[in-house]
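What follows is a set of notes on a single structure, which appears directly below.
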Amino acid sequence: MFKKLHHVAVICSDYERSKDFYVNVLGLSIIRETYREERKSYKLDLSVGEHSQIELFSFINAPERPSYPEARGLRHIAFEVDDIDQCVQELRNKGIESIETIRVDELTGKRFTFFQDPDGLPIEMYEN
């Protein structure tokens, strides 16, 4: 029934700050940016590889929710990477300090770590 994951939607508290993070820090490409006057809201479609997208939304007075990897609900966004050490260093060079210690998945033997977006959303890097 399902062929692939199409997109993940993220609601941010500061649109320009989050747009800068996802585009300039993480290097995602902009597909389209739309301002919806009736909602006073932006929607930014970002490309993740060839097949997936992140939709970044801004909404006035969006409520906060728990945001750590073990919170109930949607757990985190995970990006597959080829070289986790290189990616960690690149993020540190761009000023990202919230990177956790690299761990090893006990089921797959693969290395992974977490960091946070500007709103504290947990983001995982998972080495292929």
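The values are calculated or read from the model by the stated rules, or taken from the named source; none is laboratory data. Keep in mind the model is a prediction, meaning the values are calculated, not measured. So basically every Cβ, Gly included, is an ideal-geometry build from the backbone, and we count neighbours across all protein chains shown.
Screening the candidates 90, 127 for the property of being surrounded by 11 or more Cβ atoms within 10 Å (Cβ to Cβ), farther than 21 Å from residue 21 by Cβ and not assigned by TED's automatic domain parsing to the domain that holds residue 4 yields one hit, 127. Got a number for residues in region 25-44 being closer than 27 Å to residue 94 by Cβ and either of a type in the set (Asp, Glu) or touching a Pro at 6+ places or on another chain (Cβ under 9 Å) (or both)? Result for region 25-44: 1. The criterion of being under 16 Å from the mean Cα position of the chain (by Cα) and either part of a loop (DSSP other than H, G, I, E, B) or polar (S, T, N, Q) (or both) does not hold for residue 89.
Within region 11-25, residues that are assigned by TED's automatic domain parsing to the domain that holds residue 41 sit with their Cβ atoms under 8 Å from residues that are in a loop (DSSP other than H, G, I, E, B) and of a type in the set (Phe, Trp, Tyr), at 6+ positions apart or across chains, in these pairs: 11/59.
Here residue 35 clears all of (1) without any contact (Cβ under 8 Å) to a residue 40 or more places away in the chain; (2) under 16 Å from the mean Cα position of the chain (by Cα); (3) not in a loop (DSSP other than H, G, I, E, B) except the condition numbered (2). Taken over region 92-127, the residue count meeting the criterion of being in a strand (DSSP E or B) and in contact (Cβ under 8 Å) with a residue 12 or more places away in the chain is 12. Restricting attention to region 58-67, the residues that are closer than 20 Å to residue 98 by Cβ and at pLDDT 65 or above total 3.
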